[in-house]
Structure formats: structure tokens, C-alpha cells
Amino acid sequence: AVLSFSVSSGRPEERPSRAVWENRLEWGRACENLYSAWLEALFRNDEDNASWKSLDAITGDPRRNVLHNHLGLGEDDAGGKNYVRMRPDCADNPFFLRAYFAWKLGLPFGFHECSRGNRRSPPRCSSWTSNLADGGGRSGAPAFRSFLGRVMNVIHSGTARTRLDDEACDYYPVSLTRRSLRPGVVFADPYGHTLVIARWVPQARERPGGMLAVDAQPDGTVGLKRFWRGNFLFSTSDVIGDPGFKAFRPIVRRNGRWEPLGNDRIAGSADYGNFSLEQKNMPPDVFYDTMECLINPEPLDPEMALRDLFRALHEQLLVRVESVANGEDYMKAHPGAVIPMPSGAAIFQTLGPWEDFATPNRDMRLLIAIDTVLGFPEKLARKPEVFKLPRRKKMDEIRLEIARLHDTWARALSITYIRSNGAPQTLTIEDILRRRESLEMGYNPNDCAEIRWGAPAGSGDLATCRRKAPPAQTEKMKALRGWFRKRLHPVE
């Protein structure tokens with residue numbers, strides 16, 4: 001399909017106002033369609049695992065951004081006085097994208113202040129701030145930059161995990177259909193990570209289909225991730241709040257005031273109508289099976305499916321190489337320093353150097369990704385109807401062929417990291433699969449790279465290690481290891 005639309009250029013007429021920006025349009029199907037099209041255009045030609053140093057590196061590219069300098073302020077010209085620099089983390093990223101688009105077109109935008117919640121009480125929201133708030137005497141790009149600062153100070157990992165039936169919040173849950181899961185819809189995982197759907201890749205005879213989503217990291221980097229268990233974690237058991245796919249509540253004028261639509265009005269709206277509680281308490285296997293049928297409506301060739309899983313795992317490992325290297329660079333720049341390690345669940349959601357360089361979230365996803373690859377033969381036997389199986393072969397024969405392919409690709413694909421002595425160390429996926437138990441304690445940046453990549457005790461790999469986490473931190477990690485073995489974040 002050809003993606004095409006036009007947006008008028010030129011600076012809109014300015015009116016005296018103390019608001020960050022005035023509302024000239026109202027959310028509805030036409031503007032939602034344009035929002036989806038704009039987002040898809042930003043990432044139209046990118047493959048999964050593409051990454052950028054910041055969100056403004058994407059919006060600042062006129063070849064991608066059809067709203068580039070739409071306001072005529074030079075707002076997307078790097079180095080200019082009105083340049084809008086954007087470095088969101090994962091929770092902020094959906095709000096930055098929505099706010100940026102709303103600012104450009106004069107659409108309403110707002111956000112709630114929410115609690116983080118706990119197992120006894122899900123996140124709940126209270127005060128609401130909109131673009132009509134006082135801009136503090138600023139206008140144009142300076143007002144918008146300041147407004148994004150407010151967003152960063154308020155939005156956090158709990159914001160997207162409010163209850164699915166909660167109306168006093170920024171998101172509402174959508175149905176698991178292609179019509180509802182459009183670019184701009186947000187996925188909130190059970191542990192605080194969020195991704196924004198960027199585009200769908202149609203299934204073809206020579207390749208599986210895909211759904212790509214954009215996320216951000218604590219260091220401000222932005223990347224594309226494909227939908228699979230290794231990237232999109234879903235669980236409704238023993239978690240805080242409700243995860244799942246959610247959309248921003250449309251903000252409309254009602255009785256002379258601008259306010260977010262409630263659930264009943266969304267469900268009954270001709271422009272929306274996609275409010276759904278189907279993800280409530282949904283078992284993970286049902287969730288993933290539902291999504292896989294949407295992504296690949298036709299049965300998959302099992303060889304192609306397994307190859308795709310290996311490719312996804314390999315990409316995840318390559319990203320981890322960079323993450324571990326970033327931690328090594330930090331430690332080399334701060335010789336003798338020890339990054340403080342939080343306790344309990346805080347290892348997944350703290351601030352500072354630990355958040356920047358520790359990898360508990362990424363490693364949890366990696367372990368789940370490894371499980372997904374290793375569990376493929378079981379899935380083949382459990383769900384044969386989703387695969388295009390040879391009619392003349394028995395399941396045992398097919399599984400034997402799959403096992404051979406697994407071994408071949410596990411030996412063929414590899415990553416290379418840098419050891420403490422500066423020498424490169426290559427590990428095949430087969431090596432990493434053997435080390436998966438060690439990776440349950442490989443997330444601490446105070447440990448050397450060799451330990452973080454699971455080098456066995458007494459091995460030549462480990463001999464070059466020159467740095468270990470303090471014993472007290474190692475004991476903390478041992479206490480939390482059970483959660484990594486269960487592939488569940490600790491919840492407080």
C-alpha cells in the first residue's frame with residue numbers, strides 16, 4: 001500500500017494566549033488516522049533493530065517527518081534557538097510523540113499525575129494537566145520545550161499500567177484486532193516498559209509478517225523492536241496494574257471544557273468504538289497466539305518460523321553487546337567506582353547510573369527469548385494448525401529436522417564482545433544457550449564483561465576478568481535469582 005498525505009505549511013495565525021498552545025482542532029477519526037500515518041511515515045523504511053541517539057534525531061529529519069518545521073519556527077533545525085530537543089525514556093516516549101504531533105496541528109493534549117501502585121493497589125491517577133495550562137510567559141517552541149519537561153517530571157512506569165476499566169487515566173484498552181492495533185497504539189508491559197506501534201509488515205510467501213514498535217531507553221536512545229515474546233512481555237499474574245495494548249484517550253470539547261473521553265463514550269463513538277476489556281486476566285499463551293494469528297494470518301513454514309526466531313534472538317544479543325560495552329566504558333571512565341545497587345524490585349526501575357548501565361530488564365527479556373527459541377519444538381506439537389506442515393511427514397520426522405536446523409543456526413550465528421584485556425571474544429548462540437543460567441546474574445555493571453557474558457568458572461574467558469561486584473551486591477543478586485529463573489520480575 002502507498003502511504004501518502006499532505007500537510008499545509010506555514011506558521012499558523014498567532015493569538016495572544018497564556019496557554020502552551022491553543023486548540024484549533026479536535027481529536028476524531030480523521031486526526032487519529034493522520035497521527036497513525038505520520039508515525040508510520042517516520043519509520044516507513046526502517047527494519048527492526050534500527051536505532052537512533054534520540055527522538056529528535058528522527059523528527060529532525062525532513063525525509064522522515066512530514067511535519068518538519070511545520071510551525072515555521074525552525075523548531076526542527078538542530079542548533080537553532082527554537083530547536084526542540086527530545087530525550088524521553090520508555091514511559092515518556094508515547095507522550096512525547098503524541099504531544100509533538102498535537103502541538104504541530106493545534107490538537108488538545110494532556111496527562112495525569114499517577115501513583116506507581118503496588119500489588120494491593122494498582123496505579124491510580126489524580127490531577128490532569130493539558131496544553132491549555134499557563135506557559136509561564138513563554139510561547140512557541142520555548143513553551144513547548146518547558147511543557148515536555150513537565151511531562152518528564154510526571155510520567156513514569158506506572159502511568160501505563162492503570163486498571164483496564166479505569167477512566168481517570170491517559171490510556172484505554174483496545175481490542176486485539178488489526179483495525180484497533182494501529183500505529184500510535186501503546187503496549188504497556190507488566191513491569192513498566194512501553195512501546196508504540198510504528199507499522200505492520202505484511203506476511204509474504206518468503207518471509208513472516210511482523211509488527212514493529214518504537215521504544216526509548218533511559219539514555220535517550222530510540223529503537224524499533226519487533227513483536228515477539230522476547231520484546232513484548234505479557235503476564236496478568238502477580239503484577240502491578242493491568243498490562244496490554246492501549247490507546248490515548250481522545251480529548252474533546254464538552255460543555256465548553258476540554259476533557260478526556262470516558263470508556264462508555266469511546267465504546268459508543270462512531271470514530272472509535274474500540275474500547276475492550278478482552279485483555280483482562282488473559283493467559284499469556286492466549287495473548288501470544290492471538291497476536292501471532294494477526295501478524296501471520298496464513299500458516300507458517302516451520303523452518304521459516306524457527307529461522308525468524310533465531311534472527312530475533314541474535315538481534316537481541318547484538319543490542320546487549322552494546323549495552324554491556326556502554327557499562328564498560330562508564331567503569332573505565334570512573335576507575336575504582338562502584339555503582340550503587342538498589343534492593344528488591346527497585347533494580348528494575350531506579351534512576352542514575354544503575355538504570356543507565358545495569359541490564360536486569362533487558363536480560364529478563366533475553367532469557368524469555370531464549371526460552372522461546374528452545375520451546376519451538378513444543379509449540380510445533382502444541383499448535384500444528386498454525387504451521388504449514390508437510391502432509392507426508394510424521395511429526396517426529398518434522399521435529400527431528402527442526403532440531404538439526406536449530407543446531408546448525410545456533411553454531412552459525414555469533415556475537416563478539418570485548419574482554420577486560422581489550423581482546424575480542426566471540427560467542428555463538430550455542431555457547432550462549434549453554435550459559436543461560438549464568439545470565440540470570442549477568443546484569444550488574446560492577447561485574448566485568450566476562451562475568452556478564454556468563455564465562456564459566458576456571459575458563460580462559462574468565463581469566464582476564466579484573467572487576468567483580470562487591471560481595472553484598474552478589475548476595476542481593478542471589479536473593480533475586482529465583483525471579484529470573486521464573487522469568488518474572490519481583491513485585492513489591
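The values are calculated or read from the model by the stated rules, or taken from the named source; none is laboratory data. Everything numeric here is computed off the predicted structure, so don't read it as measured data. Here the Cβ is made from the backbone with ideal geometry for all residues, glycine too, and neighbour counts use every protein chain on show. Heads up: the accessible areas ignore ligands, DNA and RNA and are worked out on the full protein's heavy atoms, side chains in. Shrake-Rupley method; radii C 1.70, N 1.55, O 1.52, S 1.80 Å.
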> Helix 140-154 sits at what angle to the longest principal axis of the chain, using alpha carbons and giving 0 to 90 degrees rounded to 10?
Replying inline: 50 degrees
> Which whole-number value in Å² is the accessible area per residue of the range 415-492, probe 1.4 Å?
Replying inline: 46 Å²
> In terms of modelled amide H atoms, which long-range or inter-chain residues lie less than 5 Å from the amide H of residue 275?
Replying inline: 267
> In whole percent, how big is the carbon plus sulfur part of the accessible area of the range 45-192, probe 1.4 Å, protein atoms only?
Replying inline: 44 percent
> Spin-label point model (7 Å from Cα, Cβ direction): what's the residue 289 to residue 133 distance in nm?
Replying inline: 4.5 nm
> Helix 360-374 versus the longest principal axis of the chain: what is the Cα-based angle in degrees, 0 to 90, to the nearest 10?
Replying inline: 60 degrees
> residue 388: which lysines have alpha carbons under 22 Å from its alpha carbon, excluding same-chain residues fewer than 8 sequence positions away?
Replying inline: 379
> If you look at just the Cα atoms of the chain, how large are its Rg and its Dmax in Å?
Replying inline: 23.5, 76
> In the range 369-471, carbon and sulfur make up what percent of the accessible area (probe 1.4 Å)?
Replying inline: 51 percent
> Using 0.36 nm per residue, how much length does the chain from residue 466 to residue 486 gain when fully extended, once their Cα-Cα distance is taken away?
Replying inline: 4.1 nm
>> Quick check on my link table: of 280/383; 53/225; 53/468; 225/246, which ones sit more than 19 Å apart, alpha carbon to alpha carbon?
In response: 280/383; 53/468
> Ranked highest first by the average count of other Cβ atoms within 10 Å around their residues, in what order do 480-487, 333-340 fall?
Replying inline: 480-487, 333-340
> Where the centroid of each part is defined by its Cα atoms, how far is the range 208-224 from the range 246-273 in Å?
Replying inline: 28 Å
>> So, R0 is 56 Å and r is the distance between the beta-carbons of residue 258 and residue 391; what FRET efficiency does that work out to, to 0.05?
In response: 0.40
> Given labels modelled 7 Å from the Cα in the Cβ direction, how far is it in nm from residue 416 to residue 478?
Replying inline: 3.7 nm
>> What FRET efficiency comes out for residue 115 versus residue 238 if R0 is 22 angstrom and r is the Cβ-Cβ distance? Round to the nearest 0.05.
In response: 0.70
> If we sort 354-366, 256-268 on the protection proxy, mean other Cβ atoms within 10 Å, highest first, what's the order?
Replying inline: 354-366, 256-268
> ³J(HN,Hα) across the range 108-117 via Karplus (A = 6.51, B = -1.76, C = 1.60, θ = phi - 60°), whole Hz, x for Gly/Pro?
Replying inline: x, 8, x, 8, 9, 8, 10, 7, 7, x
>> Distance between the C-alpha centers of the range 39-53 and the range 139-194? Whole Å please.
In response: 20 Å
> What's the FRET efficiency of residue 77 with residue 146 using the Cβ-Cβ distance as r and R₀ = 25 Å, to the nearest 0.05?
Replying inline: 0.85
> Using Cα atoms only, what is the angle between the long axis of helix 284-295 and the major principal axis of the chain, expressed in degrees (0 to 90) to the nearest 10?
Replying inline: 70 degrees
>> Using only DSSP helix segments of four residues or longer, with each worth -39500 (n - 2.57), what per-residue ellipticity at 222 nm results for the chain after dividing by its residue count and rounding to 500?
In response: -10500 deg cm²/dmol
